[in-house]
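Notes for the one structure printed next.
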Amino acid sequence: MAKKKKNDEQLPEGMSRRQAKLAARAAERAALDRDPRPYGGLAMEADLVALQEFVPSALAKLPVTGFDRDVYVATVLPGAAGAMVWDDGTAFVALQTQSHTHNPGRDLAFALAWAKDATPGATLASTAADGTQPALDTLLDATGPLTVEAREDFNWWLPADASLDPATAQSLQAANDTIMPSRQVTGSFDGVAWWIDPGDKAHIRWVRTDDEDKLMRALARISAAGALDLGEGTKFAGVFRTHGIAVPVWDLPVDVAYDTYGPLLEKLDKKIAASIEADEELSADARRALENIKSRQVTIR
């Protein structure tokens, strides 16, 4: 086979072959880099992380910019698809998808760019960003909050007037059978907290947006003081690390209503904020508590 002539290569304007190769390699490395906080800078950061990692069935209307249709972000869509558009033009983009990259912020931007002009009835199988997507903050109002609707099933996958064939009905029922009861705990505190009941004991997962290291030290100080709980029968379980932020977790009794934890989270939030602001040296007890917390932390992604 004849070799391709160098003169036939299409090079970027103003670049030599060597410069073009270096630029291509740099672009490849950039594509492989992991964004430290993929949703950083968005007011909805904690909500997006919670929907992507901890909530089984929920959706929220997105504050999109430059769109001629309503767009909802969802936990998961039928077949773990990336996005879909109803016949009436309403679009949905998913955060829990089967095909994606390690940069969820870019993936969400890719799905939103697709949803902006997709035809009614279309489905996007993969959200894997390919570099053609615009910056996420050009598609979303960065200051816009999310009003998340937790659902007890996935019946919202279909319009109210949709007819179900037996196969679709069976698939929907199978998805509904996997859902564990989940509720958002509301209150005046940083981030968002979600209560979930998987069976033997309930949990609260508190997605916070503090600097991770400062939050860990604050938790250690509070733990050393014996105050890192959410009331009688609760126990601090550890910390998830995901999307560049920390998510403290508590084990809870299943017979206590989820909405009773709002005031307790508000009280603990004040202790955390005060500890972060003071930024005092860790005592010996606090250092031991920090090591204990770190030994039980789990990195999701």
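Under 5 Å from the amide H of Ala58 lie the amide H atoms of Thr75, Val76, Arg151, each residue being 5 or more positions distant or on a separate chain, with H modelled from the backbone and absent for Pro and chain starts.
If you take the Cα atoms of region 31-100, find Rg, then find the Kirkwood Rh from the mean of 1/r over all pairs, what is Rg/Rh? Mind showing how you got there, number by number?
Details: Rg = 12.8 Å, Rh = 13.1 Å.
Rg/Rh for region 31-100 comes to 0.97.
Multiplying the residue separation of Val254 and Ser16 by 0.36 nm and subtracting their alpha-carbon distance yields 79.0 nm.
Each other residue within a Cβ distance under 13 Å of Asp229 adds +1 if Lys or Arg and -1 if Asp or Glu, for a net charge of +1. Using θ = phi - 60° in the Karplus curve 6.51 cos²θ - 1.76 cosθ + 1.60, the 3J(HN,Hα) couplings for region 65-71 round to 10, x, 9, 9, 8, 6, 10 Hz; x is entered for Gly and Pro. About its Cα centre, the dipole of region 228-301 is roughly 400 debye, where the only charges are +1 on Lys and Arg Cβ and -1 on Asp and Glu Cβ. Derived from the Cα gyration tensor, the three semi-axes of the equivalent ellipsoid of region 182-299 are 22, 15, 14 Å, largest first.
Of the peptides 157-168, 210-221, 261-272, the order by per-residue mean of other Cβ atoms within 10 Å, starting with the highest, comes out as 210-221, 261-272, 157-168. Placing dummy labels 7 Å off each Cα toward the beta-carbon, the span from Gln297 to Asn155 is 4.2 nm.
If you count the DSSP beta bridges with both ends in the chain, what percent of them are antiparallel, to the nearest 5? Don't skip to the answer; put the middle values down first.
Values: 31 of 37 bridges.
Around 85 percent antiparallel, to the nearest 5.
Its Kirkwood hydrodynamic radius, worked out from the mean inverse distance over all distinct Cα pairs, puts the chain at 21.6 Å. Pairs of lysines in region 182-299 whose Cα atoms sit within less than 21 Å of one another amount to 10, provided the residues are eight or more positions apart or on different chains.
Once the convex hull of the alpha carbons of region 77-164 is built, what does its volume come to per residue, in cubic angstrom? Intermediate values should be presented prior to the final figure.
Details: hull volume 10.3 nm³, N = 88.
Taking only Cα atoms, region 77-164 has a hull volume of 117 Å³ per residue.
Suppose R0 equals 51 Å. What FRET efficiency, 1/(1 + (r/R0)^6) with r the Cβ-Cβ distance, do Thr186 and Thr119 give to the nearest 0.05? E(calc), rounded to 0.05, equals 0.85.
Tally Lys and Arg at +1 and Asp and Glu at -1 over the other residues with C-beta under 10 Å from the C-beta of Pro159: what net charge comes out? Let's see the in-between values first.
Details: positive: none; negative: Asp87, Asp88, Asp161.
Taking every other residue near Pro159 into account, the sum is -3.
Report for region 45-176 the percent antiparallel among DSSP-assigned beta bridges with both residues inside it, nearest 5. Walk me through the numbers before you get to the answer.
Details: 11 of 15 bridges.
If I count the DSSP bridges inside region 45-176, around 75 percent turn out antiparallel.
One chain, two ends: Arg241 and Ala273. Fully extended at 0.36 nm per residue, the span grows by 9.6 nm beyond their Cα-Cα distance. Computed 3J(HN,Hα) for region 77-83, one whole-Hz value per residue from the Karplus formula 6.51 cos²θ - 1.76 cosθ + 1.60 where θ = phi - 60°, is 10, x, x, 6, 5, x, 6, glycine and proline marked x.
For region 121-126, the Karplus equation 6.51 cos²θ - 1.76 cosθ + 1.60, evaluated at θ = phi - 60°, returns couplings of x, 7, 10, 9, 6, 10 Hz by residue, with Gly and Pro reported as x. For Gly191, the residues 5 or more places off, or on other chains, whose built amide H falls under 5 Å of its own are Thr209.
Quote the charge dipole size of the chain about the Cα centre in Debye, to the nearest 20; the model charges only the Cβ of Lys and Arg (+1) and of Asp and Glu (-1).
Numbers: 33 positive and 44 negative charges, 346 e Å.
So the dipole magnitude of the chain works out to roughly 1660 debye.
Arranged from fewest to most other beta-carbon atoms within 10 Å of their beta carbon, His203, His102, His243 become His102, His203, His243.
Where a number appears in this text, it was derived from the coordinates with a stated rule and is not lab data. What you are looking at is a predicted structure, and each value in this text was computed from that prediction instead of being measured. Ideal geometry is used to build each Cβ from the backbone, glycine not excepted, and the neighbour counts take in all protein chains shown.
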